[in-house]
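Read through the structure below, which is laid out as structure tokens, and then see the notes.
Since every read-out is calculated from the coordinates, none of them should be taken as a lab result. As the structure is a computational prediction, the values presented were derived from the model and not from experiment. Positions of Cβ are backbone-derived with ideal geometry, glycine not excepted, and every protein chain shown enters the neighbour counts.
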Amino acid sequence: MLAMKRMISMALSAVLLAAVSPAQSQAPSSIKSKVAVDVTAAQIQSILKLDNPTQHADRLAKVVDAGPYNFSVNVQHRVKGQVTDDRGTMHSKIGEIYYVLDGSATLVTGGTMVNPQSVVYDAKLVTPEGGNSTGPGYAGIVKKPYVTRKIGPGDVVFIPPMTNHWFSSVEDHIDYLSFRVDPDHVLPAGYTFPTLKSAK
């Protein structure tokens, strides 16, 4: 009986030691790197120059297949205006990171969307103007509490999937980049905005 207890104790000690000891993995002799993808400042400006100063624009610039996920960048332009009915949108699959280039606006996030309407998504309908480039999601009126902040050049905002967001006010205009993280590969990998093929 004593011998059995000792064996059990030794077995438990071995299991615990294995659980707390870091796994030793040998590095391979070589690793082939993936290829980086560039979008230059000149290319971004070439897209912005296409914008009509009096109209919104949301242009999908590039989608990259990174293996476990896609990521993309959109070049966006919003014109002066206000939203008075607290109508927001949320993306069910896509997370976004906003980086403001120029101008300023009041961005609202959070809250509770009531009677949400589904946003239909079809990758085949993605257009150079940015149509269908945020994946599936919802739109509707959002109830408080939510968070309101003014954003301007250099500001960064992280917007996870299933997060209500909208601009309640744009003072004159706002130009910004929207980096989108796509773990479900719903965006069309390899897409490139037409003018990027010539602009360097």
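Details
- Answer from Asp155, Asp122, Asp175, Asp184 - the residue that is charged (D, E, K, R) and crowded, with 16+ Cβ neighbours inside 10 Å: Asp175
- Among the candidates Lys124, Lys150, residue that is over 25 Å from Pro183 (Cα atoms), of a type in the set (Lys, Arg) and over 17 Å from the mean Cα position of the chain (by Cα): Lys150
- The single residue among Val79, Val37, Val64 that is in a loop (DSSP other than H, G, I, E, B), in contact (Cβ under 8 Å) with a residue 12 or more places away in the chain and either β-branched (Val, Ile, Thr) or under 25 Å from Arg149 (Cα atoms) (or both) turns out to be Val37.
One line per residue, one yes/no per condition, for (1) in contact with a helix residue (DSSP H, G or I) (Cβ under 9 Å, 6 or more places away or on another chain); (2) part of a strand (DSSP E or B); (3) among the polar types (S, T, N, Q):
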position: Thr163; (1), (2), (3): no, no, yes
position: Ser168; (1), (2), (3): no, yes, yes
position: Val181; (1), (2), (3): no, yes, no
position: Val186; (1), (2), (3): yes, no, no
position: Ala189; (1), (2), (3): no, no, no
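- When Asn74, Asn115 are screened for being free of Cβ contacts under 8 Å to residues at least 60 places away in the same chain and either more than 19 Å from Tyr191 (Cα to Cα) or under 15 Å from the mean Cα position of the chain (by Cα) (or both), only Asn115 passes.
- Enumeration of residues in region 99-112 that are surrounded by 17 or more Cβ atoms within 10 Å (Cβ to Cβ) and under 18 Å from the mean Cα position of the chain (by Cα): Val100, Leu101, Leu107, Val108, Thr109
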